[in-house]
Structure formats: structure tokens, C-alpha cells
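Asker: Handing you a structure now.
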Amino acid sequence: MIDLEARLAELDRLGLRRRRRVLESAQGSHVMVDGRDFLSFASNDYLGLAAHPEIAAAARAALARYGTGAGAAHLLTGHHVLHHRAEQELAAFVGLPAALLFSTGYMANLGVVTALAGRDGAVFADKLNHASLVDAALLARADHRRYRHGDLAHLEQLLRASDAKDKLIATDTVFSMDGDLAPVPELLALAEQYDAWLYLDDAHGFGVLGQDGRGVLEHFGLSSRVTRHPSLIYLATLGKAAGVSGAFVAGSETLVEWLINKARTYIYTTATPPMLAAAVSASLKLIAGEPQRRARLATLIARLKAGVTLLPWSLMASDTPIQPLLVGDNHESLRLADGLRERGILCPAIRPPTVPEGSARLRISLSAAHDEADIDRLLAALGELA
């Protein structure tokens, strides 16, 4: 029998033990956790929409009219008119012909990759992709080839050498622990050259990137081009900048029809509550209609970058709300996180295996709900700990 107590003790020794904390308030820049009030830099609520009253009101109205649960899978009687409407709105929002809702981003990645790549296929994945994309490739039993982070020459080398029947390039667009962007235009060109699918996981870009928050395609000016690209697959989660829950996959109408029939994580699960779809529809209006939220984020990012220059640690290269403060040592990153928590600030220490050995960090997540005083308080606390 596996000695789990000994293995947990080893995690403690290595500074890798993880523990949950209990949120007792609405999500936001200021929260109550484990009975204490904190300034939080620990959520993905990038636009400050998770507790927005208009989104809550849309969910309440749908709840009152349609009840709590969907009651069935989408292919039985669980596909509600609110799901259908949200899918149409999401597709239009990102400029693609069709979209499909999933319960989570993890389930979407598992469903899409396994539906498109099998034993005679190959998945070409960035080395720093999210765990769900790694697991999806393994579950698909495809030839799983990982290219060095952002290394287009390495990716092309792997594509050129592959004789797989079906090829799929999979990448995060904003890397969740580094905050940098994938070279999407160049990846699209390689996908076209080697007749491969291009799967973009825009979990941390949707709502944040682009003038209207439409994500990485708008950011790179690719929206009109990819509308005509049948092998482009776009995923975004709805529990981060959108402030709700779930995920969607967008692409050609043929792709979505195939996923409806073959994505097991879509077929064999109960549909999400219709009220969540109503909340998504309300969120889309706020994302597009309030560009000041993204402008505020840019201001806060610049203020944090300027202040960190006085500290002994440096921020990794990122222009997104994900601002990783590179520390290096696991125990030192925990010391900083604990010291911030003692000062009423939540900022998680990220350690291996989530990030490579020797690159432990504080993952500072900014939100449009923060203000300049919040940034200054964080910088002052880090200065004391230094």
C-alpha cells in the first residue's frame, strides 16, 4: 500500500505541500478568507466582473424563470435556449462561425483534442502548456511532441519530421504562470504550411486582449483571416475575465458539429445550469462596452513594473495581468507569500511541478477592481520582506 503520510511529509520537506483556503466573501480585490480580510492578488478575475451586479441580476432572472439545474445532457433535453443563445453570441464575439459551450476549460481541452487526434495523429504542444492540454494529448493516445517554449524553429522541425495522418498544434495563448504570449500569427502560418489544426487556448486572453476584449485573435489582428481558416480552433474559459463559469470552443460550423458528436466530455455530462449561460450573455456586453477596465489594467501593470525595480526580485516579461515575481527557491517563495499574508495580502507562491525547478515565484494577478493604492501597498510589503 502507498504510504501517503510519508509522501505528504516529503512534500512538506520540499516546500511543495498545497493547502486550500476558504473564501467567505464575494470574489474581488478585497476578500474575506479564513475569517480575515485580505487585499487579494490571487484570482483570475481580471476585469473585476465576478461579482458585478448586472451579471448577478441576469443569473437571478434566469434562475427565477428556468430553475437551477439543466437536468440532462445537451444531447437529451439539457440544451436550453439560453445555452443556444450564448453560443451564438460567443461565436459572433470572437468572429468565428460557431461555438460550443463546455462545463470547464479542462473538459473542453480533453474533449477537443481526443475528438481530433487519435492513435494515427500527432499533437505538437508548447512545453509550458496548461496541464489540461498535456493530459488531453496523453488521453488521445496520439504521438505527443513537445516543442521548446515559443520556439518556432523547433516546432517546424517536429512538423517536418512527422508522417502523422492528423496533426494538431496546441498552445496556450497567454501562459498562465509566465504571462507571456504565444507567437500566434507565426503558428497560424506553420499550421497552414503543414496542413495542421491550430488549437488556441485563450483562457487568460479572452476579455483582456484586444481593443474590445475579444481575445488573442483581435490582439494580433487575425479576426478576419481566421474566419476563413477551417483548421483554426479557439478556446476561452468563462470563469476568469468573464467572471462566470465554464468554457467555449469556437471554429467552423463543421468543427462544432463534429464535437457535438464526438467530444466525450460534452456528450457524457449534464449541461451547465441555464442561469450561467444568461450570466455569460450579460458579461459579454460588459466586456465590450466598458473598455476602461482594460485601460485600468494597463495603468496598474505599468505602476507595478515601475515599483518592482526597487526590489531584489524581478518581474518576468509580461504585459498581461499575470505578473510573475521570480524568486527561485521554493522555501523563499513560501516565506514571501506567508509574509504578505501576515500583512493582510494574498499572493500565491507558485512552485514545481507547476513551474520548472528553480523558478518558484509569486504570481501577482492584477484586476481592474484594484486601484493604485493597492499596488503601492503590495510594493511596500514586499519592500519590508526584502
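Just so you know, all these numbers are worked out from the coordinates, no wet-lab data involved. Keep in mind the model is a prediction, meaning the values are calculated, not measured. Using ideal geometry, Cβ is built from the backbone for each residue, glycine included, and neighbour counts are taken over all protein chains shown.
Asker: Under 8 Å for C-alpha pairs, at least 6 residues apart: give me the relative contact order for segment 53-289, rounded to a whole percent.
Answerer: After rounding, I find 31 percent.
Asker: Same structure again: Would you mind computing Rg(Cα) / (2.2 N^0.38 Å) for segment 323-370, counting N as its residues? Write down the numbers at each step before the final one.
Answerer: Numbers: Rg = 10.8 Å, N = 48, 2.2 N^0.38 = 9.6 Å.
Here the Cα radius of gyration is 1.13 times the empirical estimate.
Asker: Compute the longest continuous run of the chain that contains no exposed GluC sites (Glu not before Pro); treat a site as exposed when its DSSP state is not H, G, I, E or B and it has at most 14 other Cβ atoms within 10 Å.
Answerer: 25-356
Asker: Just for the chain, what percent of DSSP beta bridges are antiparallel, to the closest 5?
Answerer: Looking only at bridges with both residues in the chain, the antiparallel portion is about 55 percent.
Asker: A further question on this structure: Taking the Cα centre of segment 53-289 as origin, sum charge times position over the Cβ atoms of Lys and Arg (+1) and Asp and Glu (-1), and report the length of that vector in debye to the nearest 20.
Answerer: 540 debye
Asker: Near Lys285, which lysines are there with a Cα under 20 Å away, not counting those fewer than 8 places off in the same chain?
Answerer: Within reach: Lys240.
Asker: With percent of Cα pairs over 41 Å apart in mind, check [x] 10; [y] 13; [z] 22 and report the label derived from this structure.
Answerer: Comparing each candidate, only [y] matches the computed number.
Asker: Please rank Val33, Val249, Val94, Val112, fewest neighbouring Cβ atoms within 10 Å first, as an exposure proxy.
Answerer: Ordered by Cβ neighbours within 10 Å, fewest first: Val33, Val94, Val249, Val112.
Asker: Let me ask something else. Taking the alpha-carbon distance from Lys165 and a cut-off under 24 Å, which lysines remain once sequence neighbours fewer than 8 residues away in the same chain are dropped?
Answerer: Straight-distance partners of Lys165: Lys127, Lys262.
Asker: Oh, and also: Considering the convex hull of the alpha carbon atoms of segment 89-239, report its projected area averaged over all viewing directions, in nm², one decimal.
Answerer: Its average projected convex-hull area is 8.0 nm².
Asker: Per residue of segment 106-114, in order, report the coupling 6.51 cos²θ - 1.76 cosθ + 1.60 (Karplus, θ = phi - 60°) as ³J(HN,Hα) in whole Hz, putting x for Gly and Pro.
Answerer: Working through the residues one at a time gives 4, 5, 5, 4, 4, x, 5, 5, 5 Hz.
Asker: What does the charge count around Gln157 come to, taking other residues whose C-beta lies under 12 Å from its C-beta (Lys +1, Arg +1, Asp -1, Glu -1)?
Answerer: In short, +1.
Asker: Let me ask something else about it. With θ set to phi - 60° and the Karplus curve 6.51 cos²θ - 1.76 cosθ + 1.60, what are the ³J(HN,Hα) couplings of segment 186-196 in order, to the nearest whole Hz, using x for Gly and Pro?
Answerer: Values, residue by residue: 5, 5, 5, 5, 5, 4, 5, 5, 9, 6, 10 Hz.
Asker: Segment 16-124: which trypsin sites (Lys or Arg not before Pro) are DSSP loop and have at most 16 other beta-carbon atoms within 10 angstrom?
Answerer: Arg17, Arg18, Arg19, Arg20, Arg21, Arg119
Asker: Return Trp313, Trp197, Trp258 ranked ascending by Cβ neighbour count within 10 Å, so the fewest neighbours appear first.
Answerer: The fewest-first ordering by Cβ neighbours comes to Trp258, Trp313, Trp197.
Asker: So for Ile2, Ile322, Ile260, fewest C-beta neighbours within 10 Å to most, what's the order?
Answerer: Ile2, Ile260, Ile322
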